[in-house]
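Enquirer: Pasting a structure here, questions to come.
The values are calculated or read from the model by the stated rules, or taken from the named source; none is laboratory data. Just so it is clear, the model here is predicted, and its values are computed rather than measured. All Cβ positions, glycine included, derive from the backbone under ideal geometry; neighbour counts span all protein chains shown.
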Amino acid sequence: MKEFKSDGCSMFFDGKWEECCYKHDKKYWKGGTRAERKMADIELMSDVALKGYPLIAFVMYIGVRIGGVSFLPTPFRWGFGHKWPHYKEII
């Protein structure tokens, strides 16, 4: 696996929720099953909402569900710590 590196809130502005994005990035770096990805995304939404930003949390959730798929060669995809393509789990 590649060394872990976080870019904060990928494709979204950083704010008081940046630590939530870092935690989410650690899960995305590792990758895993579809269920684990969905749980990671729900946890991100919950963490940001608990910081007092429910609308931003929902927008982020939609963004990571659409943009975080593992089959795109992006640096923020699900399982980005693995060499692409990594087809163990799609979505």
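Enquirer: Mind checking which residues of region 66-78 are of a type in the set (A, V, I, L, M, F, W, C) and not in a helix (DSSP H, G or I)?
Expert: Hits for region 66-78 are 69, 71, 72, 76, 78.
Enquirer: To continue, here is another question. Please list, ordered by first then second residue, the pairs with beta carbon atoms under 6 Å, 6 or more apart or interchain, first in region 1-22 and in contact (Cβ under 8 Å) with a residue 12 or more places away in the chain and closer than 21 Å to residue 66 by Cα, second of a type outside the set (Lys, Arg) and part of a loop (DSSP other than H, G, I, E, B).
Expert: These pairs meet every condition: 8/14; 10/76; 21/8; 21/9; 22/6.
Enquirer: Return yes or no: is residue 63 of a type in the set (Gly, Ala, Ser), modelled with pLDDT of 95 or more, out of contact with any Leu (no Cβ under 8 Å at 6 or more places or on another chain) and in a loop (DSSP other than H, G, I, E, B)?
Expert: Spelling it out, it is not the case that residue 63 is of a type in the set (Gly, Ala, Ser), modelled with pLDDT of 95 or more, out of contact with any Leu (no Cβ under 8 Å at 6 or more places or on another chain) and in a loop (DSSP other than H, G, I, E, B).
Enquirer: Residue check, residue 26 against (1) at pLDDT 95 or above; (2) of a type outside the set (Val, Ile, Thr); (3) surrounded by 15 or more Cβ atoms within 10 Å (Cβ to Cβ), all met but one. Which one?
Expert: Unmet condition: (3).
Enquirer: When residue 36 is evaluated against the numbered criteria (1) among the acidic types (Asp, Glu); (2) more than 10 Å from the chain's Cα centre (by Cα); (3) crowded, with 17+ Cβ neighbours inside 10 Å, which criterion, by number, is the only one it fails?
Expert: (3)
Enquirer: Starting from residues that are over 21 Å from residue 55 (Cβ atoms) and not hydrophobic (A, V, I, L, M, F, W, C), keep the ones in region 1-21 and report whichever is surrounded by the most Cβ atoms within 10 Å (Cβ to Cβ).
Expert: The extreme case among them is 6.
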